[in-house]
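A.B. asks: Below you will find the structure I want to go over with you.
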Amino acid sequence: MGPAAPVSGGPLNDALRQIENFDAILFVSASAVRSTFKHSTIVNKKEELRNFPGQLIGAVGPVTAQNAIDHGIRVDFVAKSGTGEGLVKELGGSLSGRKVLLPRSDRGDRGLSDALREAGALVTEVVAYSTPAPEPLDPEIVERIRRADVDVITFTSPSAFCNLSDWIDTLTLAKLSSRVRFAAIGPTTAKSIRKAGSQVEIEAAEPSVRGLTDAIVKYYQRQELYGDDARIRE
C-alpha cells in the first residue's frame with residue numbers, strides 16, 4: 001500500500017479558509033498534519049495555521065506531534081494514551097462548547113468524532129487524505145498466513161487489518177490469531193483488530209514503527225525467560 005494521498009479541494013479547503021473560527025484543531029495522524037499543511041498553503045492560510053489563534057492544537061501521540069512541529073505548527077497537548085478517544089478523555093471538559101476542526105482519513109473511525117460530540121464539542125470533521133488500496137498480495141504469502149506458517153503478523157493501522165481481511169475473512173483471522181502473534185502498532189489499531197474478533201498478543205507502548213519493533217523484541221525476550229507464563233508476567 002502506498003503513502004496516504006491528500007484529497008483535492010473540498011471541505012478541507014473550506015474549513016481552512018475559516019480557520020480563525022475554530023477554537024481547536026485535533027490531529028490524529030502524521031498524514032493528517034501533512035495534508036492539512038499542504039492545503040493551508042493552497043488556500044493561503046499557512047501562516048494562520050502556524051499561528052493558530054484558537055486555544056488548542058492537540059495531537060494523538062508524539063510522532064504526530066513532532067510532524068506538526070516540523071511543519072512549524074505548535075502543539076499544545078499530546079495524548080498519553082496514543083488514541084483519539086483517549087485524547088478526548090484526557091482533555092476532559094475543556095472542549096465543551098468549542099468549535100473543533102478534525103482532519104482525518106477517508107477510512108477514519110467514527111469513534112473519535114462521536115466521543116467529541118459526547119464531550120460537548122462542535123465538530124467539523126473533514127477528510128484530509130485518502131488511504132490507497134493495497135497492491136494485490138502474493139498468493140503464496142496468503143497461503144503461508146492461512147497455514148500459520150509465520151510467527152508474527154504486524155499491523156501498522158486499522159486499515160492494514162481491514163486490507164488483510166479482504167483476502168482472509170475475519171472468522172479465519174480470529175482463529176488464526178490464537179496460533180500466530182498479531183502485533184499492533186498502538187491501541188487504536190489493537191482496538192480495531194479486537195473489535196473484529198481477533199486476539200492481539202503484542203501491542204506497542206509507543207505508536208511508532210520503533211515502538212512496534214521494541215514490543216515484538218520484548219515479547220520474545222519474555223518468551224525465552226518465562227515460556228507459557230510470559231503473558232501472566234507482563
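A.B. asks: Confirm whether GLY186 is touching a residue at least 12 places away in the same chain (Cβ under 8 Å), more than 13 Å from ILE153 (Cα to Cα) and either open to solvent by less than 10 Å² (accessible area, probe 1.4 Å) or touching a Pro at 6+ places or on another chain (Cβ under 6 Å) (or both).
C.D. replies: Against the criterion (touching a residue at least 12 places away in the same chain (Cβ under 8 Å), more than 13 Å from ILE153 (Cα to Cα) and either open to solvent by less than 10 Å² (accessible area, probe 1.4 Å) or touching a Pro at 6+ places or on another chain (Cβ under 6 Å) (or both)), GLY186 qualifies.
A.B. asks: Could you check, for region 25-36, whether at least one of its residues is out of contact with any Gly (no Cβ under 9 Å at 6 or more places or on another chain), farther than 24 Å from ARG210 by Cβ, assigned to a helix (DSSP H, G or I) and open to solvent by 80 Å² or more (accessible area, probe 1.4 Å)?
C.D. replies: no
A.B. asks: Only one of LYS175, LYS218, LYS191, LYS195 is open to solvent by 80 Å² or more (accessible area, probe 1.4 Å), of a type outside the set (Gly, Ala, Ser) and more than 25 Å from VAL60 (Cβ to Cβ); which?
C.D. replies: LYS175
A.B. asks: Do you know which residues across region 122-141 are surrounded by 14 or more Cβ atoms within 10 Å (Cβ to Cβ) and free of Cβ contacts under 8 Å to residues at least 40 places away in the same chain?
C.D. replies: Matches in region 122-141: LEU122, VAL123, GLU125, LEU137.
A.B. asks: For residues that are modelled with pLDDT of 85 or more and either open to solvent by less than 30 Å² (accessible area, probe 1.4 Å) or among the charged types (D, E, K, R) (or both), tally how many sit in region 89-118.
C.D. replies: The qualifying residues number 17.
A.B. asks: Does region 48-62 contain at least one residue that is within 26 Å of GLY186 (Cβ to Cβ), in contact with a Gly (Cβ under 8 Å, 6 or more places away or on another chain) and surrounded by fewer than 23 Cβ atoms within 10 Å (Cβ to Cβ)?
C.D. replies: no
A.B. asks: It is to be established whether one or more residues within region 92-114 are in contact (Cβ under 8 Å) with a residue 40 or more places away in the chain, farther than 25 Å from ASN21 by Cβ and of a type in the set (Lys, Arg).
C.D. replies: yes
The values are calculated or read from the model by the stated rules, or taken from the named source; none is laboratory data. Please read all numbers here as calculations on a predicted model, not as lab measurements. Positions of Cβ are generated from backbone atoms using ideal geometry, with glycine treated the same way; all protein chains shown enter the neighbour counts. These area figures cover heavy atoms from the full protein model, side chains too; ligands, DNA and RNA do not enter into them. Shrake-Rupley method; radii C 1.70, N 1.55, O 1.52, S 1.80 Å.
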